[in-house]
Every structure is written in C-alpha cells, then in structure tokens.
Amino acid sequence: MKILVIGSGGREHAIAWKAVQNKDVNTVFCAPGNGGTALEKKCKNVNIKDNDIDNLTAFAEKENITLTIVGPEVPLVGGIVDRFKSRGLAIFGPDAKAAQLEGSKTFAKDFMKKYGVKTAEYGSFKDADSALKYIEKCSYPLVVKADGLAAGKGVAICQNYEEASSKIREFMIDDIFEGSGETVVIEEFLEGVEASILSITDGKCIIPFISAKDHKQIYDGGKGPNTGGMGAIAPNPYCNEAVLKDFEENIMAPTLEGIKSENMDYKGIIFFGVMITKKGNYLLEYNVRMGDPETQAVLPLMDSDLVELIDSTLNGELSNFNLKWKNGASCCVVATSKGYPLGYETGFKVDGIKEAGSVFASGLKNEDGVFKTSGGRVLCTYGIGDTLDSAVKTAYDKLDKIKFSGKYFRTDIGE
Ligand code: AMP
Ligand code: GLY
C-alpha cells in the first residue's frame, strides 16, 4: 500500500508514524511533511502544499496512492474529498458539505439546534448593525465568533459591550479574517473545563476515541494568549463515566442522527469540542479532522491499526471494528520558538532529537542533515505510562534533551 498524508504539523507526523506500523504499507508520502516525517522509516516528503488540491490529486493519480489521509481542515472545507472521489481515489475525510460543520459556525450551530445537540444559546448575524443591536441586550461575558475558518483565532471572549462591539467591527467591517468574519455567531459564555473527544464515523455509526485534554494558552496555569496548542494528555481526567455517557446520549447520538438525515457523505474524523459545566455538557464546536496536539497524545495510546480502522470506515463497516486502546495515559509537550504565538525567529539549530528517542515534529526542517527551527511550534515529545504522572515525566524527560536557542515550553502540562 501507498499512503498519502496531507499536512505538515505534529498531527500529520503522528498519523504518518502510526500508518507505517501497518505491515502492508510500503510508503507513506507526506505532502508537504516536515523535517521529522522525512526521517520516519518508509516515509517520504513530497513538496506539495496541503491546500493545493489540483497537484495533490495529480500526485495521487500518478503514484497510484491506495489511501489518502487529510490532516488539516482547509483542504477538507475546500472540497478535496469530493475531488478525489470524482477521480475514484480513496480518501479519508468528509466531503465539502459535511466539512461545513467546521467551515461555518452558523451551519454547525443550526445543525446542533435542529438535531437537539446540547449547545450554548446563540445568534448568527450577516450585518454588523443587527449584531451590535443584539449585544445591547446580552449579559456578559459573551463570545463573538467569526463564522468561517480563522486558524483558531476567530473566537473572542468579551467582558462588556465595548469589547464585543469592537470585535464585531474588527470581524465584520475591518474584515481582519478576509471574508471569514463576514458573518458572526454571538454565543452565551459557558464556564467549565474542556474536553476534546476525537471520534471516527462512517456515516452509519460514530466511535469515540479515548478522550483528550488540550492546553491552549501559552503560559503555565492557562494564562496568556491562545496558541495552536502547547500540549495534551489522554485520557482527559474530567471525562468520567457519567460525562461520557451524557456525551454519547446528548451530543454524539443526535449528531449521528443529523449526519444521516442530511445525507452527508462523512467517512472521517469528527472531533467534538466539549465544555463540561455544572449545568451539564455542551458542544462548543465540531472539527472535521483530528486535533493538534491531541493526536500526538491519542495515537500513541491506540492499540489497533490505524490503516485497518480507516479501511473499515471507508468500507462502511466501522460498527464491526473492535477499536482497542492501551491501558494507562499519554502526554505530549510542545516546544516553541521564543515569542510564539506572536513574532518569533526561526533557523536555529536543534540538537538532541536522536537522544530524545522519538518526537513529533512540526516547525522543524532538516537542512543537509542539520535540524533547524522553521516555525512557532517546533516539535513535541510524548510519553505513555501506567499513570498520567509517569506519562508526563517521560514526555518532559525527553523534552529536556532537546536544545535550541529560544526554546520555550509550558511546565504544567497534565497538572
Ligand atoms: P471554538 O473554535 O468554537 O471551539 O472556540 C475556541 C475556544 O474558545 C474553545 O476551545 C473555548 O476555549 C472558547 N470558547 C468557545 N465558545 C465558548 C463558549 N460559548 N463559552 C466559553 N468559551 C468558549
Ligand atoms: N487542539 C484543537 C484543535 O486542533 O483545533
């Protein structure tokens, strides 16, 4: 088998690392991949950007790719699945219509409401005047969200009218997200702890993965601005049996009902961003792909073969698949360039990758055998263990071996 993994982050490195473990896999191409994926056995980087659907399709045809796995949301929302399918190429992910569950917050919220998925109260607005009028009557804090994709930056928690109105102006009038904020969703603020429940669906059933917890803010204690994710643990300690049961009944089951009723062509990942509150569990959002960095914590705990799992999904036989997880817990910790998520420099030499044993790379390149930083999030180390403490310790012990100028990481992942 030849597999194509689309994307260049730590998530895609983890997917490629897991895919090569299948003995029938000869080659995993990573488009474009990174300095870490290039080094995995059986992996090859291909210099095609993750949103270049034309060239990705041409490459898959030319190479006779057996299966394509899409990492990020942008090509999914852009219709890569529809394009591959029209050429008879096997691809794992939702079609463009189903990908609207992530691509449009209004679409997702209306879907949740229609099918009775528990979610925060909201309004959706296409013009700034009506949005500004609506927030006069709201209680605060409230949440202002750009409707479209905004690389994780399109959500603002606003403490008062002034903050909310200035966000509405930035999103809708100044158009800082270049079209993605033309419509906004304004939402009730929910207080609680978050859980990431990555799941897989063949459109007939949904199987949740082991739960995970992301650490989004840059500083210890959950302080400072949001990032792409500074580390993750699995399982999520807040996802006890009662939470999971409620999730399955009141979030997952009605979502499946909706997928079926809307005739969505959905064979892929559906990731539920859940807020666990004193008033119950609410769905904050759907993502139509795996999370980053959750994937780097979740896949090391997966005992089953990922390629076989995806195969059963594409064949519509997911309900027969016995998805197995290792006992214990998992942790990944991200090392970033100094200054991230704002400005940062790149090009610094990275030492210790071999000594660390295994990492999932993201903003890391390999220049003539020398590793150098090439992005904000450079790499993550990960560990699994019988307990969360031992998994956390392994991840941090490995991270200790990684050296580069300006290396930064949170010291409290898993606390
Ligand atoms: P989203 O992209 O909708 O998941 O939002 C990104 C992040 O904003 C979430 O992971 C939460 O931390 C926060 N957030 C989103 N919606 C709400 C809400 N209604 N109440 C509180 N926090 C929220
Ligand atoms: N870690 C959250 C996400 O991937 O959207």
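The values are calculated or read from the model by the stated rules, or taken from the named source; none is laboratory data. Quick caveat, the model's predicted, so the values are computed rather than measured. Every residue, glycine as well, gets a Cβ built from its backbone with ideal geometry; the counts of neighbours run over all protein chains shown.
Some points to look at:
- All positions within the stretch 109-130 that are within 16 Å of ligand 1 (Cβ to nearest atom) and assigned to a helix (DSSP H, G or I): LYS109, ASP110, PHE111, MET112, LYS113
- Checking every residue in the stretch 307-326 against the condition of being among the aliphatic types (A, V, I, L, M) and in contact with a Cys (Cβ under 9 Å, 6 or more places away or on another chain) gives at least one match.
- In summary, strands (runs of 3 or more DSSP E) completely within the stretch 315-415 and bearing 1 or more residues that are without any contact (Cβ under 8 Å) to a residue 60 or more places away in the chain and touching a Gly at 6+ places or on another chain (Cβ under 8 Å) occur at 370-373, 377-385.
- Unmet requirement for PRO75, which otherwise passes all of (1) over 30 Å from ASN263 (Cβ atoms); (2) under 17 Å from the mean Cα position of the chain (by Cα): (1)
- Any hit, the stretch 208-225, residues being away from ligand 1 (no atom under 13 Å from the Cβ), part of a helix (DSSP H, G or I), closer than 30 Å to ASP412 by Cβ and not hydroxyl-bearing (Ser, Thr, Tyr): yes
- Within the stretch 133-192, the set of residues being within 16 Å of ligand 2 (Cβ to nearest atom), assigned to a loop (DSSP other than H, G, I, E, B) and touching a Lys or Arg at 6+ places or on another chain (Cβ under 7 Å) comprises just one member, GLY154.
- With a requirement of 2 or more residues that are β-branched (Val, Ile, Thr), the strands (runs of 3 or more DSSP E) lying completely within the stretch 1-108 that satisfy it span 2-7, 27-32, 67-70.
The rows are residues; the columns are (1) buried (at least 20 other Cβ atoms within 10 Å of the Cβ); (2) within 30 Å of LYS354 (Cβ to Cβ); (3) at pLDDT below 95.
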| residue | (1), (2), (3) |
| --- | --- |
| ASN22 | no, yes, no |
| THR68 | yes, no, no |
| GLY71 | yes, yes, no |
| ARG83 | no, no, no |
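- So LYS18, is it under 22 Å from the mean Cα position of the chain (by Cα) and surrounded by fewer than 24 Cβ atoms within 10 Å (Cβ to Cβ): yes
- Any hit, the stretch 258-268, residues being part of a helix (DSSP H, G or I), within 16 Å of ligand 2 (Cβ to nearest atom) and in contact with a helix residue (DSSP H, G or I) (Cβ under 7 Å, 6 or more places away or on another chain): no
- Residues of the stretch 193-202 classified as more than 16 Å from ligand 2 (Cβ to nearest atom) and not charged (D, E, K, R), total: 1
For (1) surrounded by 15 or more Cβ atoms within 10 Å (Cβ to Cβ); (2) within 10 Å of ligand 2 (Cβ to nearest atom); (3) part of a strand (DSSP E or B), each residue gets a yes or a no:
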{"position": "LYS204", "(1), (2), (3)": "yes, no, no"}
{"position": "GLY229", "(1), (2), (3)": "yes, yes, no"}
{"position": "ASN236", "(1), (2), (3)": "yes, no, no"}
{"position": "LYS245", "(1), (2), (3)": "no, no, no"}
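- Tally of residues being closer than 14 Å to LEU198 by Cβ and not in a loop (DSSP other than H, G, I, E, B) across the stretch 285-314: 16
- All positions within the stretch 278-307 that are within 13 Å of ligand 1 (Cβ to nearest atom) and at pLDDT below 95: LYS279
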